Structures are given as C-alpha cells and as structure tokens.
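Take a look at the structure below.
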Amino acid sequence: MTEKPKPRIWFSILPLFVFLGIAGASYSLLSTDGRNVSALPSALLDKPAPNLGVPPLDGLTTNNQQVPGMAQDLFKGKVSIVNIFASWCVPCRQEHPQIIKLAEDERVQIVGINHKDGTKNALGFLAELGNPYDIVGVDRSGRASIEWGVYGIPETFIVNHEGTIIFKHVGPLSEKDLSQKLMPIIEDAIQNAG
C-alpha cells in the first residue's frame, strides 16, 4: 500500500502570513503612535512663501467687486492665513467655521487657494458656507499646492509680515487648534509686525 503524499499545510497558509505581514507594515506606517500629524514638517517653514500669481475665482464678489486672485508679493507687510480648500473636501467643510472666525480678525489677511475644483462648485461652496477669504486663487492643476508643499487638503499656513511661512497645520482646524495653536502664533506675528 502506497502512502498518500501529505499536503504541505504551510503552502496553503503562506498567503495569509504574507498578507498579515503587509497589513502590519502598512498599519505601522499609517498609525500616528501618538504623533501629531497636523504638525508634519514642512520644507518651507521659515522660508519665503511661494511668490505665485494665481488667477481669481471668477464670479466671486464682495461688495460688487471681484475678489482678487493671488498676486506676487501679496504677503509683504501683512500677517496672512493661507488655507487650501475645495468644495469636494469633506474636512474643508468641517473646518470652515474656524476659517470664518479667523476672518473676523481684521488684523490678518485670509487667503484661499481653491484646489482642483470647478468654478461652479467652488462658488456654491462659498455661497452656502460663507466667504471668509480676502483673496482666492484658483489652482485647477494643483501646481500652486505643490509649490506650497501641500500633502493633502485642507492645510493652513501662517505667513508673517515679511512673507515668511512661520506655521503649517495639516488637516481640518478645530476650535481647539484655533485657540491653542494658531491664535498664539498669529498674535505673536502681529506684535512682531509692529
């Protein structure tokens, strides 16, 4: 009587171990392990803000005047908040009340970069939620966002009166982020602007 060959069980469970290994490595890379992902480093911190001309969002008006796009040297002499947003971005919708609050402070300039969005959609988003922006540049290709070193949207930057990026926040702003992180930096930047 000949003996049947024993199935090699490890061949049948090998794909499971490969999957678990890949899943574990992926989880390790994606987990925050208590790190603050909103404080991702930026190669642009303490460097001049990108000096880009970005066209305006056609049809966006304030007091019957077209809201301007991003002109070169728009950061000189003013403390500015730059917010990257899009109508299709759910976290942008979540953080919008915080951007509205920032716009109530007339000591700062609020600049929006509308990322890879359609004109009609962007106008609808701002009509529905309110327009906190003094300036809105339309970045249809994503090129301006790349120049700003954007990882994903929303992202918010603080630019001092000399045109230097002094802070970057990745992800939606919460009330706590606004009061505990941004406002102290904004106040300091305003005081230093003299």
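Read the figures in this text as sums done on the coordinates, not as results from a lab. Since the structure is predicted, the reported quantities are computational estimates derived from the model, not experimental observations. Cβ atoms come from the backbone with ideal geometry, glycine included; neighbour counts cover every protein chain shown.
Based on Cα contacts under 8 Å between residues 6+ apart, the stretch 106-179 shows a relative contact order of 26 percent.
Compute the Cα gyration tensor for the stretch 43-134, then decide on rounded, prolate or oblate, letting a ≥ b ≥ c be the square roots of its eigenvalues: rounded whenever a/c is under 1.5, prolate when a/b is larger than b/c in the other cases, and oblate in all that remain.
Details: a/c = 1.40, a/b = 1.35, b/c = 1.04.
Rounded.
Using the Karplus relation 6.51 cos²θ - 1.76 cosθ + 1.60 with θ = phi - 60°, the per-residue 3J(HN,Hα) values for the stretch 94-105 come to 5, 8, 3, x, 6, 5, 4, 4, 4, 5, 6, 8 Hz, with x marking Gly and Pro. Full extension of the chain between residue 47 and residue 107 yields a length gain of 19.4 nm, computed as 0.36 nm times the residue separation minus the alpha carbon distance. In the structure shown, the pairs 101/181; 78/181; 76/116 are assessed against 23 Å; a Cα-Cα span above that value is assigned to 76/116. Amide H contacts under 5 Å for residue 67: 60, 61, 62, restricted to partners 5 or more places along the chain or on a different chain, H placed in the peptide plane at 1.01 Å from N.
Dividing the Cα convex hull volume of the stretch 37-193 by residue count, how many Å³ per residue is that?
Values: hull volume 15.8 nm³, N = 157.
It is 101 Å³ per residue.
Computed extension gain for residue 190 through residue 71, at 0.36 nm per residue and net of the alpha carbon distance, reaches 40.7 nm. Gain on full extension, evaluated as 0.36 nm per residue between residue 176 and residue 63 minus their Cα-Cα distance, stands at 37.5 nm. The Cα atoms of the stretch 153-194 give a gyration tensor whose axes a ≥ b ≥ c have a/c of 1.5 or more with a/b no greater than b/c, which makes the shape oblate.
Rounded to 0.05, the FRET efficiency of the residue 147 and residue 22 pair, given R0 = 30 Å and the Cβ-Cβ distance, is 0.30.
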